[in-house]
Amino acid sequence: MDKYDCLKLENQLCFPLYVCAKEVVRQYKPFLDEIDLTYTQYITMMVMWEQKEISVKGLGDYLFLDSGTLTPVLKTLEKKGYVERTRSKEDERSLIVSLTKEGEALKEKAVTVPAKVAKCVSLSPEDAGELYRILHTIMDASKVSFDNK
């Protein structure tokens with residue numbers, strides 16, 4: 001084995017992960033265009049539909065996004081009327097994001113998106129479950145190392 005084999009693209013785990021992530025997100029685009037959301041806005045709304053109200057820090061932790069990335073997304077979602085941002089009454093430094101009625105109503109339009117995307121990604125339910133498990137193992141390990149920095 002050549003010492004430079006580790007630098008071959010074909011030997012990298014990160015490359016197929018990168019390509020697959022990019023391609024799966026690309027599959028979402030036409031469906032998200034129908035409801036006027038970007039992918040990052042969509043995953044943000046998914047958390048909001050589940051949580052209803054969350055701190056910006058908590059939302060960032062949930063999505064693995066920093067506030068510099070999240071702030072413009074939240075500003076746009078607020079302009080669209082889907083969320084509201086307010087200062088916490090308990091801690092003025094903390095910004096709280098709340099789902100609006102319009103944001104909750106958007107959930108009905110978005111409910112078909114996962115099934116539409118699933119049709120574009122040819123994985124058996126068993127393979128999808130295994131991939132989900134593996135990716136979450138990597139995410140969990142990343143979260144621990146990220147938290148310890």
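Side notes on the structure shown:
- Positions within the range 116-146 being of a type in the set (S, T, N, Q) and outside any helix (DSSP H, G or I), in sequence order: SER122, SER124
- Of the residues making up the range 2-50, those that are touching a residue at least 40 places away in the same chain (Cβ under 8 Å) and either more than 20 Å from SER142 (Cβ to Cβ) or loosely packed, with under 12 Cβ neighbours inside 10 Å (or both) are GLN27, TYR28, PHE31, LEU32, GLU34, ILE35, ASP36, LEU37, TYR42, MET45, MET48, TRP49.
A quick yes/no check of all residues on (1) in contact with a Gly (Cβ under 7 Å, 6 or more places away or on another chain); (2) over 14 Å from TYR42 (Cα atoms); (3) of a type outside the set (A, V, I, L, M, F, W, C); (4) open to solvent by less than 80 Å² (accessible area, probe 1.4 Å):
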{"residue": "ILE96", "(1), (2), (3), (4)": "no, yes, no, yes"}
{"residue": "GLU104", "(1), (2), (3), (4)": "no, no, yes, yes"}
{"residue": "ALA110", "(1), (2), (3), (4)": "no, no, no, yes"}
{"residue": "SER122", "(1), (2), (3), (4)": "no, yes, yes, no"}
{"residue": "LEU135", "(1), (2), (3), (4)": "no, yes, no, yes"}
{"residue": "MET139", "(1), (2), (3), (4)": "no, yes, no, yes"}
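- Selection status of LEU74, of a type outside the set (Lys, Arg), surrounded by 13 or more Cβ atoms within 10 Å (Cβ to Cβ) and over 28 Å from ARG26 (Cα atoms): no
- Residue list for the range 1-57, restricted to those being more than 24 Å from LYS75 (Cα to Cα) and either within 16 Å of the chain's Cα centre (by Cα) or among the acidic types (Asp, Glu) (or both): ASP2, ASP5, GLU10, LEU17, TYR18, CYS20, ALA21, LYS22, GLU23, VAL24, GLN27
Every residue, every condition in (1) touching a Leu at 6+ places or on another chain (Cβ under 6 Å); (2) not in a helix (DSSP H, G or I); (3) not charged (D, E, K, R), yes or no:
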| residue | (1), (2), (3) |
| --- | --- |
| LYS75 | no, no, no |
| GLU78 | no, no, no |
| THR86 | no, yes, yes |
| GLU90 | no, yes, no |
| ARG93 | no, yes, no |
| SER98 | no, yes, yes |
| GLU102 | no, no, no |
| GLU108 | no, no, no |
| PRO114 | no, no, yes |
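- Meets criteria (touching a Gly at 6+ places or on another chain (Cβ under 7 Å) and either part of a helix (DSSP H, G or I) or in contact (Cβ under 8 Å) with a residue 40 or more places away in the chain (or both)) for LEU70: yes
The values are calculated or read from the model by the stated rules, or taken from the named source; none is laboratory data. Quick caveat, the model's predicted, so the values are computed rather than measured. Because the Cβ atoms are built from the backbone with ideal geometry, glycine has one as well, and the counts that use them run over all protein chains shown. Just so you know, the surface numbers come from the protein's heavy atoms only, side chains and all, with ligands and any DNA or RNA stripped out. Shrake-Rupley method; radii C 1.70, N 1.55, O 1.52, S 1.80 Å.
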